[in-house]
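Scroll down for the structure; my scribbles are underneath it.
The values are calculated or read from the model by the stated rules, or taken from the named source; none is laboratory data. Since the model is a prediction, treat every value here as computed from it, not as a measurement. Neighbour counts run over all protein chains shown; Cβ positions are idealised from the backbone, glycine included. These accessible areas exclude ligands, DNA and RNA; they are computed on the full protein's heavy atoms, side chains included. Shrake-Rupley method; radii C 1.70, N 1.55, O 1.52, S 1.80 Å.
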Amino acid sequence: MTVEGKMFGLTFHEQWYVLGKGDGYRVVAYKGDTQQGPYEGAFVYTKAKTALTDAGGAAMRGEIDTIMRGAGLEPKQLSAIDNACPTDATTAGVSSTEASKEKL
């Protein structure tokens, strides 16, 4: 899939690819560019939040790693995304520590 848009005043062009899929997961990657230069990344989408830590998670991770290496990506560069909301978040969504910092 090819996507084009504008963010923070910069036009971006991205190509998204489904690299592979298995029971309960999909592996996608993207490559894009702006006037500031090229960028790339990847995501692993799972049906369950704990899919990689549940029973069978090690086997799933092995399949995902194989797919990623086949596409020239290094699985060790991935990190889990924490979608949890911090307990000290303000109504604006910023932690109270960040909210107290001086803004420029």
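Values for this structure:
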quantity	calculated
Flag for residue 39 being hydroxyl-bearing (Ser, Thr, Tyr) and out of contact with any helix residue (DSSP H, G or I) (no Cβ under 7 Å at 6 or more places or on another chain)	yes
Subset tally (residues that are over 30 Å from residue 62 (Cα atoms), of a type in the set (Gly, Ala, Ser) and not in a loop (DSSP other than H, G, I, E, B)) for region 1-46	2
Any hit, region 47-59, residues being within 28 Å of residue 84 (Cβ to Cβ), part of a strand (DSSP E or B), within 19 Å of the chain's Cα centre (by Cα) and of a type in the set (S, T, N, Q)	no
Per-region count, region 1-41, residues among the charged types (D, E, K, R) and surrounded by 11 or more Cβ atoms within 10 Å (Cβ to Cβ)	6
Where residue 88 falls short, out of the listed (1) out of contact with any Asp or Glu (no Cβ under 7 Å at 6 or more places or on another chain); (2) at pLDDT 90 or above; (3) open to solvent by less than 100 Å² (accessible area, probe 1.4 Å)	(2)
